[in-house]
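Visitor: Attaching a single structure in structure tokens format; questions to follow.
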């Protein structure tokens, strides 16, 4: 308990933790700086805060070194549960910069483009929003709590991708401030290095970009972890398929809704306290897909939540019922 409280009090403490090894090399780090048009001189360890006050390599230096025991994995499962592991890729044991770029390259391959033919045109869409995915991965790595030797992980399922990092919200930050883009770097030294090679910005714009693409519901906070979940685009409702019927929504509805979204609105109109799990059971739809459709309805202004998950209720705006 004392160690936990102390760690929360002393922010950005990686620079104060001595590296478990002192014979470190930084060839990979120098290559990435050169690729960004920058050169590391002989004083780079001091300039990048890779040393403790005693002039020994700290944990930041350890994470940036060519060889370490960091473990960054991308796992792939068959189905939507953590039962059948079909692929596990290890990208750690090297400079955190190299590991990050390797994960981004792997996900670029996994983020496949699929095509859909509609009555209007041929549409192409990737499984996940590329900008949001990149921001989520980099944020998970840069803001991970490495003080307990826990490492981020990426897990790919048939219907979604999950990015999990250790450590909840930074001390002194609320969820509201988090979503509004306020930045309190947990690891300011890592942030500085990632910024030098243009992997991150200092503007706090990453979270708003994710929220714009997937809504706030894609974030799950706990005391010790932060998880971001992006559903596959293939599992989302294709609104273009129902363009012919969407004009039949109640006159008060000024934006189009899909058939499933209309069904959700009707069920909520009949039972404002219905839960997402109950909706999932009635509609025979995955809970992830229900949450995505609810997020879209909220974004369109048709639906709002009054109160918390327990004791709260749904309020339908602009229209009380929908019909087709």
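What follows draws every value from the coordinates through simple rules; no lab data is involved. Just so it is clear, the model here is predicted, and its values are computed rather than measured. Cβ atoms come from the backbone with ideal geometry, glycine included; neighbour counts cover every protein chain shown.
Visitor: Give the order of 39, 281, 52, 258 when sorted by the count of other beta carbons within 10 angstrom, beginning with the fewest.
Guide: 39, 281, 52, 258
Visitor: For residue 34 and residue 93, FRET efficiency with R0 = 22 Å and r from the beta-carbon atoms, rounded to 0.05?
Guide: The pair residue 93/residue 34 has a calculated efficiency of 0.50.
Visitor: Pop a pseudo-label 7 angstrom from the Cα along the beta-carbon direction at both residue 286 and residue 176 and give the gap in nm to one decimal.
Guide: Taking the simple label geometry, residue 286 and residue 176 are separated by 3.4 nm.
Visitor: Just to verify a number: FRET efficiency for residue 313 and residue 85, C-beta to C-beta distance, R0 = 41 Å, to 0.05?
Guide: In this case the efficiency is close to 0.55.
Visitor: Give me the log10 of I(q) over I(0) for the range 121-197 at q = 0.17 Å⁻¹, as the Debye formula computes it from C-alpha points; what are the numbers?
Guide: Values returned for q = 0.17 Å⁻¹ are -0.79.
Visitor: Could you tell me what % of all Cα pairs in the range 2-64 have separations over 18 Å?
Guide: It works out to 42 percent of all Cα pairs.
Visitor: If each residue's Cβ is checked for other Cβ atoms within 10 Å, how do 226, 169 rank with the fewest at the top? Numbers along the way, then the final one.
Guide: Values: 226 22, 169 17.
Starting with the residue having the fewest Cβ neighbours, the order is 169, 226.
Visitor: Now for a separate question. In nm, to one decimal, how far is the modelled label at residue 148 from the one at residue 276, with both set 7 Å along Cα→Cβ?
Guide: Here the answer is 2.4 nm between the modelled labels.
Visitor: I want to check the label-to-label distance for residue 209 and residue 159. Put each point 7 Å from Cα in the C-beta direction and report it in nm to one decimal.
Guide: 2.9
Visitor: Got a sec? How would 70, 147, 286, 273 order by Cβ neighbour count within 10 Å, fewest to most?
Guide: The fewest-first ordering by Cβ neighbours comes to 273, 286, 147, 70.
Visitor: Using alpha carbon centroids, what distance separates the range 22-51 and the range 133-167, in Å?
Guide: Computed from Cα coordinates, the inter-centre distance equals 25 Å.
Visitor: I'd like the FRET efficiency for residue 66 and residue 46, computed as 1/(1 + (r/R0)^6) with the beta carbon distance as r and R0 of 30 Å, rounded to 0.05.
Guide: Working: r = 19 Å, r/R0 = 0.64.
It comes out at approximately 0.95.
Visitor: Please give the contour-minus-distance gain from residue 18 to residue 222: 0.36 nm per residue of separation, less the Cα-Cα distance, rounded to one decimal in nm.
Guide: The residue 18-residue 222 span can extend by a further 70.6 nm.
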